Structures are given as structure tokens and as C-alpha cells.
Amino acid sequence: MSLQFRGNLYLLGAAFLWGTTFVAQMTGMDELGPYSYSFGRYLIGLLSALVIWVAFRGQRARAKAAGTYQSGWKAGLGAGSFMLVGSLLQQVGMTGTTAGKAAFITSLYIVIVPIGAVLLGKHIRKENWAGAAVAIVGLYLLSLNGSFELSFGDSLELVGSFFWAGQILFIDRFASRVDGVELSVAQIFVCMTGSLVLMGLFETPTMTAFSDSWFAIVYGGVMSAGVAFTLQIFGQKYADPGPAAILMSFEAVFGALSSCLLLGEVLSAREIVGCVLMLAGALITQAGLFFRYPLTSQPPSQRGEGPKGGGSPL
């Protein structure tokens, strides 16, 4: 199995876990406020990531002996800042929208990522503009109910998608250079700390509420925060941000399907068309990058770039 293909599997795995976690995020707020749920989720996620960090101590030792180790703690603090804002906007936004719609609006990062990449020095192509136009039409059908005003929850999800795009671009910058597990631990720590502060300021959760929400907290913490974000970091070692965003955007598909199956949410015909157009726009904007660097080839991020930190991949 090539590293490219393995990285793609990591990203698809992360997308599946993120998509199904939208249901846990929604049900977790039956008893808890958004900040309390986020704190519980990221606390469990931090413990999970620390287990992975300990498990990889041998690879770190070998990387240090070979002179290829570079710490991921500082990079993780930067990535975690984007992730904290995006995550909290997403969680609060879900109090005013459905899990399926939240998943699709969040996936707009697939349009924002290539535009952000241009600001970092890359050339923007025609398919980026075409895909953005199609996705905006889809967003209108999905979220704007006959008016030009987004709902409160939809607006927060939309703003949050910009921060998720920032997190993806930040990870792309550092994933192949530093220890990926340390990067993951650090960004989850930032999210846990920020959620704890906001919980203390605005909410008064009880231990009973945490206990009643244990499954949603554990699933969101272990599978999404601990495992999926680590898979993202390892997956992005072997893909440019554009093709990586294509694979990760399927969290929207998994989110919509899981919310229909588990929560009984029903999308109208208009909303289904909006979802299809958003996904089509996402694929269009990335089509050029995807076909220029097919899945069987080695991505530019692995061609002559500096030392890779942290040893071998998962």
C-alpha cells in the first residue's frame, strides 16, 4: 500500500468519524450547553491523544536518533487556535440548525481552502471560481428559506467554516515537518482549555448532566477529537490541501446520512438539491488539483521538502 493511498484512507476515516460525530454533538446538548459539551469532548479527546502519544514514543526516539525529529507542540498551539474558534462556532451553531445542515455548511471549507492557498502564494484557477459559485447557490437553497438572511445557527456554521479552512491550511504547512501526534495533542489541549474557560463564564453544568451525556461525550472525544484529528494530520502529510479537502469534505455526506438514520432528520427536496449543489461545487473547485495530482502519484508536499518529523506514519 503506497503512502499516498494510505494517507487518503486516513482522511476518509477522519471524514467518517467527523460526520457521525455531528449526531453525538447534537444529542450531547440535550443535557449540556455547547461549551460544557465541548469541554467534556475535548477532555476525553486529550486523554485519547495522549495514549497515542505514549504509543509513538519509540518512533520519536528513532527520529531523534536520526536527526529528523521536530517538535509539534508550537505548531499545535497555532492549529488549535483555529480549531478552537471553528469548533465552538460549530457547536453553538448547532443549537439553531440541524446536524445534517451543520455538516454541509461546515464543508464549505473545501471552497475556502484553495482561495486561502492563493493568499499564501498559489495561483487560483477557473475551477475555483466556478465551484464557489455553484456552492453558494447550494448554500442558498439549503439555508435561506425564501429570504436573504441566514438563520443564526447557519451563520455561525458559515463563519466557522473559515476557521476550519484556516486549520486545514495550517496543518498542511506543518504536518510533514513536525511530530504529528504532538501537533494533535497540542491543538486538542487548546480546544479543551478554551472550552473550559467559556463553560466557567457562561454555563453551570452538573455532574448528572455530564453523566447522562456520557456516550455522546466519549464518542465525540475518542473518535472525533482523539482519533480523527490525528488521522487528519497523518493524512495531510501525503496530500496537498486541495485533494485532502475533497476527501475530508465527505464528512458532510456522512453527517447528513447519520442524522437521517439516527436522529430522524428529514431534508426537504429544496434542501437536498442544495446539498447536492454544495457537494458539486466542492468537487468542481478541486477538480483541477485532483486530476493534476492523481491518487497514485506522489504529492508535491513529498517531493524534496525538508525533513519529516515524528518517524513513520500510522
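The values are calculated or read from the model by the stated rules, or taken from the named source; none is laboratory data. Because the structure is predicted, anything quoted here is derived from the model rather than measured. All Cβ positions, even for glycine, are placed from backbone atoms using ideal geometry, and neighbour counts span all protein chains on display.
For segment 7-16, name all the residues that are surrounded by fewer than 24 Cβ atoms within 10 Å (Cβ to Cβ) and touching a helix residue (DSSP H, G or I) at 6+ places or on another chain (Cβ under 7 Å).
Correct list: N8, L12, G13, F16.
For segment 223-236, does any single residue satisfy the condition of being under 20 Å from A102 (Cα atoms), touching a Ser or Thr at 6+ places or on another chain (Cβ under 9 Å), in contact (Cβ under 8 Å) with a residue 60 or more places away in the chain and part of a loop (DSSP other than H, G, I, E, B)?
No, there is no match, as no residue in segment 223-236 is under 20 Å from A102 (Cα atoms), touching a Ser or Thr at 6+ places or on another chain (Cβ under 9 Å), in contact (Cβ under 8 Å) with a residue 60 or more places away in the chain and part of a loop (DSSP other than H, G, I, E, B).
Among the residues of segment 220-269, write down those that are under 12 Å from the mean Cα position of the chain (by Cα) and hydroxyl-bearing (S, T, Y).
S224, T230, S249, listed by residue number.
Cβ-Cβ below 7 Å, separation at least six or inter-chain, first residue in segment 102-116 and touching a residue at least 24 places away in the same chain (Cβ under 8 Å) and assigned to a helix (DSSP H, G or I), second of a type in the set (D, E) and surrounded by fewer than 24 Cβ atoms within 10 Å (Cβ to Cβ): which pairs?
As it stands, the answer is I105/D154, since those pairs meet every condition given.
Of all residues in segment 1-56, which are touching a Ser or Thr at 6+ places or on another chain (Cβ under 9 Å), closer than 25 Å to W73 by Cβ and aliphatic (A, V, I, L, M)?
Passing the criteria: A14, L17, L43, A49, I52.
Looking at segment 19-36, is at least one residue part of a helix (DSSP H, G or I), over 14 Å from the mean Cα position of the chain (by Cα), farther than 19 Å from V222 by Cβ and touching a residue at least 12 places away in the same chain (Cβ under 8 Å)?
Yes, because at least one residue in segment 19-36 is part of a helix (DSSP H, G or I), over 14 Å from the mean Cα position of the chain (by Cα), farther than 19 Å from V222 by Cβ and touching a residue at least 12 places away in the same chain (Cβ under 8 Å).
State the number of residues belonging to segment 261-271 that are on the phi < 0 side of the Ramachandran plot and surrounded by fewer than 15 Cβ atoms within 10 Å (Cβ to Cβ).
So the count comes out to 5.
Against the definition (at pLDDT 75 or above, assigned to a helix (DSSP H, G or I) and crowded, with 20+ Cβ neighbours inside 10 Å), how does A245 come out, yes or no?
yes
Only one of (1) touching a residue at least 40 places away in the same chain (Cβ under 8 Å); (2) out of contact with any Asp or Glu (no Cβ under 9 Å at 6 or more places or on another chain) is not met by G200, so which one is it?
Going through the list (1) touching a residue at least 40 places away in the same chain (Cβ under 8 Å); (2) out of contact with any Asp or Glu (no Cβ under 9 Å at 6 or more places or on another chain), G200 breaks only (1).
Quick one: in segment 27-49, which of the residues that are out of contact with any Phe, Trp or Tyr (no Cβ under 9 Å at 6 or more places or on another chain) and more than 18 Å from T208 (Cα to Cα) is surrounded by the fewest Cβ atoms within 10 Å (Cβ to Cβ)?
So, considering only residues that are out of contact with any Phe, Trp or Tyr (no Cβ under 9 Å at 6 or more places or on another chain) and more than 18 Å from T208 (Cα to Cα), the one surrounded by the fewest Cβ atoms within 10 Å (Cβ to Cβ) is L47.
Looking for whichever is within 23 Å of F174 (Cβ to Cβ) and either out of contact with any helix residue (DSSP H, G or I) (no Cβ under 8 Å at 6 or more places or on another chain) or modelled with pLDDT under 95 (or both) here; the options are G58, G80, G86, G93. Which one fits?
Of the residues listed, the single one that is within 23 Å of F174 (Cβ to Cβ) and either out of contact with any helix residue (DSSP H, G or I) (no Cβ under 8 Å at 6 or more places or on another chain) or modelled with pLDDT under 95 (or both) is G58.
Which one of these does G200 not meet: (1) surrounded by fewer than 21 Cβ atoms within 10 Å (Cβ to Cβ); (2) touching a Cys at 6+ places or on another chain (Cβ under 8 Å); (3) within 28 Å of A75 (Cα to Cα)?
Just one mismatch for G200, condition (2).
Take the residues in segment 171-214 that are charged (D, E, K, R) and assigned to a helix (DSSP H, G or I), then tell me which one is farthest from F229 (Cα to Cα).
D212
Just need a number here: residues in segment 215-235 that are within 16 Å of M83 (Cα to Cα), crowded, with 24+ Cβ neighbours inside 10 Å and not small (G, A, S).
The qualifying residues number 5.
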